[in-house]
Every structure is written in structure tokens, then in C-alpha cells.
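Peer 1: Take a look at the following structure, please.
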Amino acid sequence: MPEPRRILTVHSPVPPKVLDDLLTSVESALHRVGAGRVWIDAHWGPDLAVMAELSDPAPSVAGASG
């Protein structure tokens with residue numbers, strides 16, 4: 001079963017249009033790489049944490065290609 005991971009923390013305040021575009025893009029990218037579920041955790045308020053369930057371990061920065 002995939003483990004939930006905190007992927008990104010968005011610190012407030014962020015203009016609503018920027019926040020919408022940012023979160024939509026992050027969600028799309030996570031689904032493209034196989035995230036089964038993506039959600040916002042407001043527990044860290046006023047900041048928002050983007051969470052995702054990913055089945056494969058995240059690659060290390062050293063092993064990431066760009």
C-alpha cells in the first residue's frame with residue numbers, strides 16, 4: 001500500500017489565482033508520475049501541505065536527472 005508523503009508546503013499568503021494554478025500544476029505532475037491520491041492537508045494552517053500517495057520511493061536528489 002502506498003505511503004502518504006508530504007510533497008510540498010505552501011506558505012501563506014498566496015494570491016488565490018496563483019494558489020489555484022500552483023496546486024493544479026502540482027496535482028497534475030503527481031498524477032503523471034503515478035500518485036494514486038493527492039490532497040491538501042490544512043492541519044499545518046495557515047500554510048497548506050500537498051500530500052500524495054506514491055507507491056515507489058522518491059528518487060534522491062543525487063539520482064534525479066534534469
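The values are calculated or read from the model by the stated rules, or taken from the named source; none is laboratory data. These numbers were taken from a predicted model, which means no experiment stands behind them. Please note: Cβ atoms are built from the backbone with ideal geometry, for glycine as well, and neighbour counts cover all protein chains shown.
Peer 1: Search the range 44-66 for residues that are part of a loop (DSSP other than H, G, I, E, B) and at pLDDT 90 or above and pair each with any residue that is among the β-branched types (Val, Ile, Thr) and surrounded by fewer than 12 Cβ atoms within 10 Å (Cβ to Cβ) when their beta-carbon atoms are under 9 Å apart and the residues are at least 6 apart or on different chains.
Peer 2: Sorted first by the residue in the range 44-66, then by its partner, the pairs are Asp47/Thr9.
For (1) of a type outside the set (Phe, Trp, Tyr); (2) in a loop (DSSP other than H, G, I, E, B); (3) at positive phi, each residue gets a yes or a no:
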| position | (1), (2), (3) |
| --- | --- |
| Pro13 | yes, yes, no |
| Asp20 | yes, no, no |
| Leu23 | yes, no, no |
| Leu30 | yes, no, no |
| Trp39 | no, no, no |
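Peer 1: Do we find that Thr9 is part of a strand (DSSP E or B), loosely packed, with under 12 Cβ neighbours inside 10 Å, β-branched (Val, Ile, Thr) and modelled with pLDDT of 95 or more in this structure?
Peer 2: On the way: part of a strand (DSSP E or B): yes; loosely packed, with under 12 Cβ neighbours inside 10 Å: yes; β-branched (Val, Ile, Thr): yes; modelled with pLDDT of 95 or more: yes.
Considered against the rule, which asks whether it is part of a strand (DSSP E or B), loosely packed, with under 12 Cβ neighbours inside 10 Å, β-branched (Val, Ile, Thr) and modelled with pLDDT of 95 or more, Thr9 comes out as yes.
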